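The structure appears below as structure tokens.
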Amino acid sequence: MAAILSEIEPGDEVIVPAYTFVSTANAFALHGASIIFADSRPDHPGLDEESVERLVTTRTRAIVVMHYAGVACDMDKIMAIAHKYNLIVIEDAAHSVNSFYKGKPLGGIGHFGCFSFHETKNIQCGEGGMLTVNDERYFQRAEIIWEKGTNRVAFSRGEINNYQWIDLGSSFLPSELNAAFLHAQLENLEAIQLQRTKLWHHYYNLFAGSLPNENFQLAVVPEFSTNPGHIFYLIFNTAESMLKCKIALSEQNIMAITHYHALHKSPFGSKYVNRTNPVLMNAERYEATLLRLPLYYELKGSDIERIVDIIIKHQD
Ligand SMILES: *Cc1c(COP(=O)(O)O)cnc(C)c1O
């Protein structure tokens, strides 16, 4: 929906982080956009704001940011670039429910915010999502696209006598069952988030309190962002030490997993790589060295202690 509302057309360029899920790029690729991949920050898997401006050309139409682990990109910097070149900003806020940048909700800063309620997210209903439209110029068209290209929403409000096909659209609505499940999750948003951040900090404090070690670093959360406890990850110095740790955990039946394959090196994504940076150092480094540890609502403090213990013991 964000891509339709942004009027993306073949030949348009859309700047997308390489270290993200395929949906971030697919939405725009489906409308014929050339995907211009941007790197991650050196200290954080999120989009490197500093790398964006040099990717802008006269054909650039939009910048897509992704707030990794629900930790904000520096949106003031992104919005300044967008303003300077008249670009649309879409926030992939799939990890970012109830997370904030300088007090503003993520997904509510760019022109559009895209949330996911996939089963892997903090708030979920199996499959589902939400678009936030933050610029009133798009409100009316968004309603129409959402209702399969008809003006049925205006009809439901009693503003017109019948509804018709008047624009592009598709079936973006969730089923009632999904919506009901999601509603119950949303009612418990605060409790879910509180529990997840508690578990996140339990991991963090245990690692931070253990002797300094040369093999991995902990997540960095900039001062301008909150932390919604979506992902607890370690960044290892080498792919080998990451794999060693992953295997040590797996031998104890603990599932620790890597995350994204950098899109610019994927079989489909690589076709977009041309004049721009063919090497995106940080995205490639996170692909090879980032390991996610178990984090879910029912996880116990004692589980975390055991996991941290195994990891610390395997560092020599
Ligand atoms: C999960 C995820 C998505 C996709 O969500 P769907 O609901 O499966 O479409 C998009 N972007 C990021 C960064 C994600 O983690």
*Antiparallel as a % of all DSSP beta bridges within the range 48-166, to the nearest 5?*
50 percent
*May I ask what percent, to the nearest 5, of DSSP beta bridges between residues of the range 20-112 are antiparallel?*
40 percent
_Magnitude of the charge dipole, the range 126-238, Cβ model with Lys/Arg +1 and Asp/Glu -1, debye to 20_ = 80 debye
*Relative to the longest principal Cα axis of the chain, at what angle does helix 301-313 sit, 0 to 90 degrees, rounded to 10?*
60 degrees
*Kindly identify the range 227-316 as rounded, prolate or oblate by the Cα gyration tensor criterion: order the square roots of the eigenvalues as a ≥ b ≥ c, call it rounded if a/c is under 1.5, otherwise compare a/b with b/c, prolate if a/b is larger, else oblate.*
prolate
*What FRET efficiency comes out for the pair residue 271/residue 191, r = Cβ-Cβ distance, R0 = 45 Å, nearest 0.05?*
0.50
_What whole-number distance in Å separates the alpha-carbon centres of the range 243-308 and the range 1-39?_
23 Å
*Give the shape of the range 85-175 as rounded, prolate or oblate, defined through the alpha-carbon gyration tensor: a ≥ b ≥ c are the square roots of its eigenvalues, a/c under 1.5 means rounded, and otherwise the shape is prolate if a/b is larger than b/c and oblate if not.*
oblate
*Cross-link reach list, aspartates and glutamates versus residue 313, counting only Cα pairs under 18 Å and skipping chain neighbours closer than eight places*: 214, 240, 251, 303, 305
_Selection of trypsin sites (Lys or Arg not before Pro), the range 214-316, meeting DSSP coil and at most 10 other Cβ within 10 Å_ = 275, 300
*Using the beta-carbon distance between residue 303 and residue 214 and R0 = 41 Å, what value does 1/(1 + (r/R0)^6) give for FRET efficiency, to the nearest 0.05?*
0.95
*Compare 70, 229, 209 in a GNM of the chain, Cα atoms joined below 10 Å, and give the one with the largest fluctuation.*
209
*asked:* Counting only helical runs of four or more DSSP H residues, what would the 222 nm mean residue ellipticity of the chain come to if each run contributes -39,500 (n - 2.57) and the total is spread over all its residues?
replied: -10000 deg cm²/dmol
*On full extension of the chain, what length is gained from residue 80 through residue 240, given 0.36 nm per residue of separation minus the C-alpha to C-alpha distance?*
53.6 nm
*What's the angle, to the nearest 10 degrees (0 to 90), between helix 176-187's Cα axis and the longest principal axis of the chain?*
60 degrees
*Roughly what percent of Cα-Cα pairs across the range 21-162 reach past 23 Å?*
39 percent
*Just for the chain, what percent of DSSP beta bridges are antiparallel, to the closest 5?*
55 percent
*Cα-Cα over 29 Å, subset of 77/246; 84/198; 121/265; 77/121; 244/265*: 77/246; 84/198
*Can you tell me the 0 to 90 degree angle between the C-alpha axis of helix 75-85 and the longest principal axis of the chain, rounded to 10?*
40 degrees
*Given H placed on each backbone N at 1.01 Å, which residues far from residue 150 in sequence or on other chains put an amide H within less than 5 Å of it?*
166
_Please list, short to long, the whole-number percent of alpha-carbon pairs of the chain in consecutive 20 angstrom bins beginning at zero._
30, 56, 13, 1
*Would you calculate the separation in nanometres between label points at residue 168 and residue 54, each defined as 7 Å from the Cα along the Cα-to-beta-carbon direction?*
3.3 nm
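Only the coordinates and a few stated rules stand behind these numbers; no lab work does. As the structure is a prediction and not an experimental result, all values here were calculated from the model. With ideal geometry, Cβ positions are generated from the backbone for all residues, glycine too; neighbour counts draw on all protein chains shown.
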